[in-house]
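Visitor: Have a look at this one before I ask anything.
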Amino acid sequence: MDKVLIAGIETVVGGNLAVGLAQRALVTGVSLSEPVHITGINIEARVASNSEAVLQLIERVQPSRVVLCGNASRAGWSGSALPSEGDLAQAAAWSEAARQAGIQLTLISSDAIFTGPWMFHSENSQSLCPSAPAQALRDIEARVQADCPDALIVRTHAFGWQPGEKQGWIESLLTRLERSFETELDCTRYASPILASDLTEIIAGAWATGLSGIYHVAGAERVNPVQFASRLAQQFHLPIPLSLASESLIGRPSGFGCGETSLQTRKVRRALGMSMPMLNEGIQRLFQQHADGYRQQLSARASLPISKVA
């Protein structure tokens, strides 16, 4: 059985990847920020952000592959910590250690390196966001490729349940919808969201096929935050959100994750011979995860605030 070491298990992608892979691999996680507990997953103590400490961890765990899910993996809509020079140093430590250990490395990156006006960006799109966090993302990708030329780099826009005790973007949004609060969402940002557990299955397929290089893995639909929240509310039997956002634009949206970041997925679809999931399919599975105990596995203290779950 494969051994997988997931760095950044406290992130949405990291935590969901751990739970999804646990049925087919021996999974060990390590947090890059706050500590978390995930039922059934071995989680190591946080390590220093230098290649020597990371290499010692790799040598102790003896994984067959390492997955790096730092701030670079967080969806641009989530409002989480933005990628910075510190994240570049952290990524460099992990990629250098993976190179020294001869371990296959997978980096989870973000669609937020892009901006409009073009839709469905290909892997070589030049519609790049000029913001400092987006540049940090590009620097992280470049460093990983320099250290590990055979690394798999997955750009995505994943949503899902948050590991640990903190509320993530989905949990906060559902709470506001349930309480009929006004949602500060907009109609100007567009992305192609994918459920984190669906992303897990595609990454597992990419590993099985031996893919390397940059691949876009995202949902099949392009939506804005208001449209996403409306579909979420409908699936969870909650009031359709009232948004404070205006439908009109004076100029092109600017800023990290504030523009057009939808991803074209033709490359990975051809490589794996599969289609990407529709948004409603992902939201339906998110709803099922809320009801069947999956969410509680990610966080032992996760409450069930959605009072109308069937």
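The values are calculated or read from the model by the stated rules, or taken from the named source; none is laboratory data. The structure displayed is predicted, hence computed values, not measured ones. Note: ideal-geometry Cβ built from the backbone for every residue, glycine included; neighbour counts use all protein chains shown.
Visitor: For the list (1) buried (at least 19 other Cβ atoms within 10 Å of the Cβ); (2) among the aliphatic types (A, V, I, L, M); (3) out of contact with any Phe, Trp or Tyr (no Cβ under 7 Å at 6 or more places or on another chain), I need the number of the one condition that residue 134 fails.
Guide: Failing condition for residue 134: (3).
Visitor: Out of all the residues in the stretch 207-226, which are part of a helix (DSSP H, G or I) and either at pLDDT below 95 or among the aliphatic types (A, V, I, L, M) (or both)? Before you say what the answer is, go through the steps one by one.
Guide: Restricting attention to the stretch 207-226, the residues satisfying the condition of being part of a helix (DSSP H, G or I) are 207-209, 225-226.
Those that are part of a helix (DSSP H, G or I) and either at pLDDT below 95 or among the aliphatic types (A, V, I, L, M) (or both): 208, 225, 226.
Visitor: One residue is enough: does the stretch 250-266 have a residue meeting the conditions in contact with an Asp or Glu (Cβ under 9 Å, 6 or more places away or on another chain), basic (Lys, Arg) and at pLDDT 90 or above?
Guide: No.
Visitor: While we're looking at this one, here's another question. Pick out the one residue from 109, 131, 80 that is at negative phi, among the small types (Gly, Ala, Ser), modelled with pLDDT under 95 and within 17 Å of the chain's Cα centre (by Cα). Walk me through how you get there before you give the answer.
Guide: On the way: 109 fails: modelled with pLDDT under 95; 131 fails: within 17 Å of the chain's Cα centre (by Cα).
Among 109, 131, 80, only 80 is at negative phi, among the small types (Gly, Ala, Ser), modelled with pLDDT under 95 and within 17 Å of the chain's Cα centre (by Cα).
Visitor: Next question. Hey, any hits in the stretch 37-44 for a residue that's surrounded by 15 or more Cβ atoms within 10 Å (Cβ to Cβ) and under 27 Å from residue 134 (Cβ atoms)?
Guide: Checked the stretch 37-44: no residue is surrounded by 15 or more Cβ atoms within 10 Å (Cβ to Cβ) and under 27 Å from residue 134 (Cβ atoms).
Visitor: Do we have residue 60 as among the basic types (Lys, Arg) and in contact with a Ser or Thr (Cβ under 9 Å, 6 or more places away or on another chain) here?
Guide: Working: among the basic types (Lys, Arg): yes; in contact with a Ser or Thr (Cβ under 9 Å, 6 or more places away or on another chain): no.
No.
Visitor: If I ask for residues that are hydrophobic (A, V, I, L, M, F, W, C) and either in a strand (DSSP E or B) or in contact with an Asp or Glu (Cβ under 6 Å, 6 or more places away or on another chain) (or both), which ones from the stretch 190-206 would you list?
Guide: Within the stretch 190-206, the first condition is being hydrophobic (A, V, I, L, M, F, W, C), and the residues that meet it are 191, 194-196, 199, 202-204, 206.
Listed by number, the residues that qualify are 191, 194, 195.
Visitor: Out of the residues in the stretch 41-77 that are within 24 Å of residue 142 (Cβ to Cβ) and of a type in the set (Val, Ile, Thr), state the one that is modelled with the lowest pLDDT.
Guide: Among those that are within 24 Å of residue 142 (Cβ to Cβ) and of a type in the set (Val, Ile, Thr), it is 47.
Visitor: So, one more: Would you check if there is a residue in the stretch 13-34 being in a loop (DSSP other than H, G, I, E, B), under 18 Å from residue 155 (Cα atoms), in contact with a helix residue (DSSP H, G or I) (Cβ under 6 Å, 6 or more places away or on another chain) and among the β-branched types (Val, Ile, Thr)? Walk me through it before giving the result.
Guide: If we filter the stretch 13-34 for residues that are in a loop (DSSP other than H, G, I, E, B), which is where we start, we get 22-24, 31-34.
Checking which are under 18 Å from residue 155 (Cα atoms) leaves us with none.
No, the conditions are met nowhere in the stretch 13-34.
Visitor: Picking from 34, 85, which residue would you name as being of a type in the set (Asp, Glu), farther than 18 Å from residue 146 by Cα and surrounded by fewer than 24 Cβ atoms within 10 Å (Cβ to Cβ)?
Guide: Values: 85 fails: farther than 18 Å from residue 146 by Cα.
Exactly one of 34, 85 is of a type in the set (Asp, Glu), farther than 18 Å from residue 146 by Cα and surrounded by fewer than 24 Cβ atoms within 10 Å (Cβ to Cβ), namely 34.
Visitor: Does any residue of the stretch 140-158 turn out to be among the polar types (S, T, N, Q) and farther than 27 Å from residue 287 by Cβ?
Guide: Our first condition is that a residue be among the polar types (S, T, N, Q); within the stretch 140-158, this holds for 145, 156.
Within this subset, residues satisfying the condition of being farther than 27 Å from residue 287 by Cβ are 145.
Yes, the stretch 140-158 contains a residue that is among the polar types (S, T, N, Q) and farther than 27 Å from residue 287 by Cβ.
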